[in-house]
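Asks: Structure below; questions to follow.
The values are calculated or read from the model by the stated rules, or taken from the named source; none is laboratory data. Owing to the predicted nature of the structure, the values given are computational and were not obtained by experimental measurement. With ideal geometry, Cβ positions are generated from the backbone for all residues, glycine too; neighbour counts draw on all protein chains shown. Just so you know, the surface numbers come from the protein's heavy atoms only, side chains and all, with ligands and any DNA or RNA stripped out. Shrake-Rupley method; radii C 1.70, N 1.55, O 1.52, S 1.80 Å.
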Amino acid sequence: MPIKPRFISGKNYTGIRTVFFSLPFIVLLIACTESDKTSVSAASLCTNEWFQSVEKSVVSGDGQGHGPDVGSDEWKSVVEFKLGLRGDASLPARASSEWCSYIDQRIQSRLTSASPSFVCNGVREGSIEALVCADETLAALDRSLAQVYAAATAKAGNEQPPVLKAEQRGWIKGRNDCWKAEDKNQCITTEYQHRIAELQARYRLVASNGPYRFSCDNNPAKEVVVTYFETVPATLIAEHGDSVSLMYRQPAASGSFYQGGNESFREHQGEAQIVWGYQAPVMRCQL
């Protein structure tokens, strides 16, 4: 089950108190995993199985259960649009088996290309999107984010309030601020890595370890609950009272050290020093 947003330190968004998570954008086209590639190839064309495999690659709906019926003419029109084929004179009729073959080939081409998950035609020269399109490593990160976002969307169907899309739109704005950075490629890389790790942890898409309970300042009622996630970089989600913070692991000489927005967690052999909030005092905690 995804974590229900309560108080996650950081920026303010309508519908939730505050969110630490990098508050984020909607990926224009959802990319496929290698397993998706196998399922598309293995399925017989124009069957319900094949239609479903194409849907996993393209994602015609909004993640909230709204969208055209998979396999319908309206759905095929959306697939054409998502693949950038709208108006293509060589596109076969939608009711034909040739249409399925054409779409299948186009999806396989996408899976093996070095392009990001969005269409590069028409992106503004000098923009962050153009840098992503021109760099295979950044394009691969974008495809990875698209895959993770699709998995998060599937789990966020019953999320109340529905914040994932709004966060994703906010994330792309933050990513595009990398034009200010001295090393733009490193900035973009970090933004993608952190967003991927955030979604994987928040929506429990990777293995986790915990939860572990820390009692602080000799007060059993003053508790911080910590769950670690096997993301890259490593992350943890800490809960304290009515607030939640996601933190990323930082280099440390000994033990482990994680940093969030206004929170930090330093642990060594079951003893932790936790800061919770801007200029808050250090809490001394025991596992």
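Asks: Across segment 211-224, in residue order, what do the Karplus-derived ³J(HN,Hα) couplings come to in whole Hz, using 6.51 cos²θ - 1.76 cosθ + 1.60 with θ = phi - 60° and x for Gly and Pro?
Replies: So the J values, rounded to whole Hz, are x, 10, 10, 10, 9, 10, 6, 6, 10, x, 6, 9, 10, 10.
Asks: While we're looking at this one, here's another question. Zone of residue 134 (label point 7 Å along Cα→Cβ, backbone N under 20 Å): which residues in segment 192-206?
Replies: Counting only backbone N, you get 192.
Asks: I'd like to know which of 215, 225, 273 lies farthest towards the positive end of the charge dipole of segment 206-287, counting +1 on Cβ of Lys and Arg and -1 on Cβ of Asp and Glu.
Replies: With unit charges placed on the Cβ atoms, the residue in question is 273.
Asks: Also, I was wondering about something else. With only Lys, Arg, Asp and Glu charged, each at its Cβ (+1 for the first two, -1 for the last two), find how big the charge dipole of segment 62-107 is about the Cα centre; round to the nearest 20 debye.
Replies: Once rounded to the nearest 20, the dipole reads 120 debye.
Asks: Based on the Cβ-Cβ distance from residue 273 to residue 180, what FRET efficiency comes out when R0 is 45 Å, to the nearest 0.05?
Replies: So the FRET efficiency works out to roughly 0.85.
Asks: Let me ask you something else. If the only charges are +1 at each Lys and Arg Cβ and -1 at each Asp and Glu Cβ, what is the size of the charge dipole of segment 201-273 around the Cα centre, to the nearest 20 debye?
Replies: 200 debye
Asks: List, in order, the whole-Hz ³J(HN,Hα) value for each residue of segment 135-152 obtained from phi through the Karplus relation with A = 6.51, B = -1.76, C = 1.60 and θ = phi - 60°; use x for Gly and Pro.
Replies: 10, 4, 5, 5, 4, 5, 5, 5, 5, 5, 5, 4, 5, 5, 4, 4, 5, 5
Asks: Obtain the nm distance between the two label points defined at residue 253 and residue 66 by a simple spin-label model: each point lies 7 Å from its Cα along the Cα-to-C-beta direction.
Replies: The answer from the label model is 5.5 nm.
Asks: Same structure, new question: Could you give each residue of segment 79-87 its phi-based ³J(HN,Hα) in whole Hz, using Karplus coefficients 6.51, -1.76, 1.60 with θ = phi - 60°, and x for Gly or Pro?
Replies: Karplus-based 3J(HN,Hα) across segment 79-87 equals 4, 4, 5, 5, 8, x, 9, 4, x Hz.
Asks: I would also like to ask the following. Please state the charge dipole magnitude for segment 146-196, taken about the Cα centre, from unit charges on C-beta atoms (+1 on K and R, -1 on D and E), reported in debye and rounded to the nearest 20.
Replies: The dipole of segment 146-196 has a size of about 160 debye.
Asks: Could you please state how large a percent of the accessible area of segment 101-191 is carbon and sulfur, counting protein chains only and using a 1.4 Å probe?
Replies: Here carbon and sulfur together make up 48 percent of the probe-accessible area.
Asks: Considering the alpha-carbon set of segment 115-181 alone, what are its Rg and its Dmax in angstrom?
Replies: Radius of gyration, then largest Cα-Cα span, for segment 115-181: 13.4, 39 Å.
Asks: Which whole-number value in Å² is the accessible area per residue of segment 116-216, probe 1.4 Å?
Replies: Ligands and nucleic acids excluded, the figure is 48 Å² per residue.
Asks: In Å², and per residue, what accessible area does segment 217-287 have when probed at 1.4 Å with the other protein chains present?
Replies: Result: 53 Å² per residue.
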